[in-house]
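Written below as structure tokens is the structure these notes are about.
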Amino acid sequence: MPVVNSPMGGSFAFPQSLRARDQLLTGKTSVGARAFCGFQGCFFRDRPMDTVRIAVVGAGLMGLSTAVCIPTLVPRCSVTVIADKFTPDTTSDVAAGILIPHAYPDTPVHKQKQWFRETFDHLFSIANSAEAGDAGVYLVSGWQIFRSMPTEEVPFWADVVLGFRKMTEAELKKFPQHVFGQAFTTLKCEGPVYLPWLEKRVKRSGGLMVPQRIEDLWELHPSFDIVVNCSGLGSRQLAGDSTIFPVRGQVLKVQAPWLKHFIRDGSGLTYIYPGTSNVTLGGTRQKGDWNLSPDAEISRDIFSRCCALEPSLHRACDIREKVGLRPSRPGIRLQKELLAQDSRRLPVVHHYGHGSGGFSMHWGTALEAARLVNECAQALGSPAPKSKL
Amino acid sequence: MRVVVIGAGVIGLSTALCIHDRYQPVLQSLDVRVYADRFTPLTNTDVAAGLWQPYLSNPSNPQETHWNQQTFDYLLSHLHSPNAADMGLALISGYNLFHEAVPDPSWKDIVLGFRKLTPRELDMFPDYSYGWFNTSLILEGKRYLQWLTERLTERGVKFSQRKVESLEEVARGGADVIINCTGVRAGELQPDPMLQPGRGQIIKVDAPWMKHFIVTHDPERGIYRSPYIIPGIREVTLGGIFQLGNWSEVNNIQDHKSIWEGCCRLEPTLKAEIVSECTGFRPVRPQVRLERERLRFGPSNTELIHNYGHGGYGLTIHWGCALEAAKLFGEVLEERKLLRMPPSHL
């Protein structure tokens, strides 16, 4: 990376191909207007008694929702979202976005339920407002069906969704291979609409989007005071976390506008999620597979499994293949870490590892991440040096 | 044996199909024709939102409950085929909303998963305090008529666009049996003081995120006079107009406002693009007229089977009525000793 001498003295590594995603200088922080473009702003300020400069790494669902939450909790901050991929090219854009939680073995159930409830309630109020269409959030009803009796007939999230009940015999007739089912109403949150809506909210509160690939979190020092790591699978490199691994998901997006209900096989392998502009058919759960190219054989298999559940899909058209790598981990990592190198210190809040449950948990975990960021910000503000956060 | 079906709405076309499929195998000479002045997309069926849902109160003729059930079961059996979308048929769930607690409807066990609304669900609709949730069917009038037309054409049934001025004209033209499916304008062929138009106006919008129907009820205003939102295959129908005795085919601006304001109040997400607006006439009658009549013009008898007056529930009841009309037709054939063997049951 080229090193340049700035006119203000000192030097810093100037990232190549730097350009603000939003060319407008928003300059809207509580400390008056300032000329700020990318990382250069650091040279125009002293230590953070005024604005806490926060970098959010990652512009998927976690990065953007955390970037929205932070200004509501942290007084006097600036938020910059830095990522190599933005919507519609993130993993979050591939996901169907249906709110049916995934169970994390290493996260306590009461926490999962709290985060799911916070996310559901938050999205529910958007779904019932005039913003629903702009945010891509709406209600959808349907069925989760099982080929054999599940160990848990009533999951932990049953009272968070609406109208949860067992399917009747008459309803199960539609699925002759299945012996048990649950009927309920939940929410769908569409990545390609929701993410741009979140981006707008980030910008409206003064945040910046910077398209830039970060190879090492130290690149953000000393331009930023706190780093929020929402890089998903990128954390293998950026956080040295070997417990996060991809679970490859291939899906088909098809035109079948007559489908109004979701259908999910309890195994999580076969599902049909009707959306605003297409229906998502899935899927696969291939552990450790990094391949982002769609596989034709898999597409045929997905289509055939979904048609078996919903024969009218034979009339679906305009079939498109997509692949996403779920950032899977035994538990979601929501944790502060103080990076130290020589005399340099960099507070980091990790917020990643949601696997299949990103949409279901995102608002609850973003609020928690923002709380952790606030703790870091408070610690920065106090004059005594801190040995450990 | 020449059969003329007058009317090409859902009742005419489904009756024609039902009769053809049941009797053509046993009566080679069966010749079914459809006469109508209006075909899809200009019939009243084309205007209907297409939600399968009978009235809340029990019909005065208990047979109608049976015909409703037969229609639901028939449509449900077609859901599993790849043809469902071609027919304009899909499952749909949704909400019926009330200002106060009401008894369960007689059709609660016909639809799927019928239950009361929970308090959190009712929170979505602040003007209402009670309601139901159930899974029913959408049968889109326009798509279904196209599908029926294709099936009839395959079977060699002929269509003739003409304005029938009198039953006599059709009888003298050589019809042995006339099936009268003229809907709201049946009175033009034979006066019927019990038949009246129930004018409806609807707005179609593009709102593909809406996956549920929402039908509100106001007993003081009466059926269909309270806002309803019914998603179809591609568009969403907004309605809430029912005017007895009004024959105006023109879209009315007051009605437009009433529908739009009522539906937007009910569903705040409805910042949607208006695709079209149209008017239709429900053929309102205290009960469906489904019976035989014998006409005499000159020396010959012509059998007449009436099948009209289905109000706002034509799509809901159509197949049961078609089966009944076919049964009456069978009686005619037996009387004329035309049947060689009993007809197979559909």
Which residues, taken from the range A:273-286, are open to solvent by less than 10 Å² (accessible area, probe 1.4 Å), more than 12 Å from chain B (Cβ to nearest Cβ) and out of contact with any Phe, Trp or Tyr (no Cβ under 6 Å at 6 or more places or on another chain)?
A:Leu281, A:Gly283
Quick check on the range B:265-293: of everything there that is of a type in the set (Gly, Ala, Ser) and in a strand (DSSP E or B), which residue is surrounded by the fewest Cβ atoms within 10 Å (Cβ to Cβ)?
B:Ser276
Condition check: under 19 Å from the mean Cα position of the chain (by Cα) and either of a type in the set (Ser, Thr, Tyr) or more than 28 Å from B:Asp255 (Cβ to Cβ) (or both). Does B:Thr182 satisfy that?
yes
Just to be sure I understand, how many residues within the range B:50-78 are open to solvent by less than 20 Å² (accessible area, probe 1.4 Å) and either under 20 Å from B:Leu13 (Cα atoms) or assigned to a strand (DSSP E or B) (or both)?
8
Taking the criterion of being among the charged types (D, E, K, R), crowded, with 17+ Cβ neighbours inside 10 Å and modelled with pLDDT of 95 or more, would at least one residue in the range A:89-100 satisfy it?
yes
Taking the conditions exactly as written (over 18 Å from B:Arg120 (Cα atoms) and open to solvent by less than 50 Å² (accessible area, probe 1.4 Å)), does A:Trp157 satisfy them or not?
no
Options A:Asp295, A:Asp342, A:Asp301; residue that is open to solvent by 30 Å² or more (accessible area, probe 1.4 Å), farther than 18 Å from A:Lys174 by Cα and at pLDDT below 95
A:Asp342
Among the candidates A:Gly324, A:Gly331, A:Gly357, single out the residue that is farther than 22 Å from A:Leu73 by Cα and in a helix (DSSP H, G or I).
A:Gly357
Test each condition in (1) surrounded by 19 or more Cβ atoms within 10 Å (Cβ to Cβ); (2) within 13 Å of another protein chain (Cβ to nearest Cβ); (3) without any contact (Cβ under 8 Å) to a residue 60 or more places away in the chain; (4) closer than 23 Å to B:Leu76 by Cβ for B:Glu140 and report the one that comes out false.
(3)
Which of the following residues is open to solvent by 10 Å² or more (accessible area, probe 1.4 Å), part of a loop (DSSP other than H, G, I, E, B), more than 27 Å from B:Arg199 (Cβ to Cβ) and within 14 Å of chain A (Cβ to nearest Cβ): B:Pro82, B:Pro25?
B:Pro82
Among the residues of the range B:226-244, count how many are assigned to a loop (DSSP other than H, G, I, E, B) and on the phi < 0 side of the Ramachandran plot.
8
Just checking, which of B:Asp123, B:Asp104 is without any contact (Cβ under 8 Å) to a residue 60 or more places away in the chain, within 13 Å of chain A (Cβ to nearest Cβ) and of a type outside the set (Lys, Arg)?
B:Asp123
Does A:Asp289 meet the test of being touching a strand residue (DSSP E or B) at 6+ places or on another chain (Cβ under 8 Å) and either surrounded by fewer than 20 Cβ atoms within 10 Å (Cβ to Cβ) or over 27 Å from A:Cys69 (Cα atoms) (or both)?
yes
Listed residues B:Arg282, B:Arg234, B:Arg294, B:Arg289; which is among the charged types (D, E, K, R) and more than 21 Å from the chain's Cα centre (by Cα)?
B:Arg294
Checking the conditions here, which among B:Val5, B:Val34, B:Val47 is away from every other protein chain (no Cβ under 14 Å), among the β-branched types (Val, Ile, Thr) and open to solvent by 10 Å² or more (accessible area, probe 1.4 Å)?
B:Val47
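Residues being at the interface with another protein chain (Cβ under 7 Å from one of its Cβ atoms) and open to solvent by 10 Å² or more (accessible area, probe 1.4 Å): count how many of those fall in the range B:87-99.
Summing the residues that are at the interface with another protein chain (Cβ under 7 Å from one of its Cβ atoms) and open to solvent by 10 Å² or more (accessible area, probe 1.4 Å) in the range B:87-99 gives 1.
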From B:Pro197, B:Pro208, B:Pro231, B:Pro219, which residue is surrounded by 18 or more Cβ atoms within 10 Å (Cβ to Cβ) and away from every other protein chain (no Cβ under 13 Å)?
B:Pro197
For the range A:323-337, indicate whether the set of residues that are surrounded by fewer than 18 Cβ atoms within 10 Å (Cβ to Cβ) and either without any contact (Cβ under 8 Å) to a residue 12 or more places away in the chain or within 14 Å of chain B (Cβ to nearest Cβ) (or both) is non-empty.
no
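Using the structure shown, decide if A:Arg76 is in contact (Cβ under 8 Å) with a residue 12 or more places away in the chain, more than 22 Å from A:Tyr194 (Cα to Cα) and open to solvent by 20 Å² or more (accessible area, probe 1.4 Å).
For A:Arg76, the condition - in contact (Cβ under 8 Å) with a residue 12 or more places away in the chain, more than 22 Å from A:Tyr194 (Cα to Cα) and open to solvent by 20 Å² or more (accessible area, probe 1.4 Å) - is met.
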Condition met for B:Lys158 (over 22 Å from B:Arg282 (Cα atoms), open to solvent by 20 Å² or more (accessible area, probe 1.4 Å), out of contact with any Gly (no Cβ under 9 Å at 6 or more places or on another chain) and in contact (Cβ under 8 Å) with a residue 12 or more places away in the chain):
yes
Can you find, within the range A:142-152, the residue that is surrounded by the most Cβ atoms within 10 Å (Cβ to Cβ) among those that are over 17 Å from A:Thr186 (Cα atoms) and in contact with a strand residue (DSSP E or B) (Cβ under 7 Å, 6 or more places away or on another chain)?
A:Phe146
Name the residues in the range A:132-141 that are at the interface with chain B (Cβ under 8 Å from one of its Cβ atoms) and touching a strand residue (DSSP E or B) at 6+ places or on another chain (Cβ under 9 Å), would you?
A:Ala132, A:Gly136, A:Tyr138, A:Leu139, A:Val140, A:Ser141
For B:Lys257, work out the one condition from (1) modelled with pLDDT under 95; (2) over 21 Å from the mean Cα position of the chain (by Cα); (3) open to solvent by 20 Å² or more (accessible area, probe 1.4 Å); (4) not aliphatic (A, V, I, L, M) it doesn't fulfil.
(1)
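Evaluate the range A:123-134: report whether one residue or more is among the hydroxyl-bearing types (Ser, Thr, Tyr) and touching a residue at least 24 places away in the same chain (Cβ under 8 Å).
Narrowing the range A:123-134 to residues among the hydroxyl-bearing types (Ser, Thr, Tyr): A:125, A:129.
Checking which are touching a residue at least 24 places away in the same chain (Cβ under 8 Å) leaves us with none.
The answer is no, given that none of the residues of the range A:123-134 is among the hydroxyl-bearing types (Ser, Thr, Tyr) and touching a residue at least 24 places away in the same chain (Cβ under 8 Å).
The values are calculated or read from the model by the stated rules, or taken from the named source; none is laboratory data. Because the structure is predicted, anything quoted here is derived from the model rather than measured. Positions of Cβ are generated from backbone atoms using ideal geometry, with glycine treated the same way; all protein chains shown enter the neighbour counts. These accessible areas exclude ligands, DNA and RNA; they are computed on the full protein's heavy atoms, side chains included. Shrake-Rupley method; radii C 1.70, N 1.55, O 1.52, S 1.80 Å.
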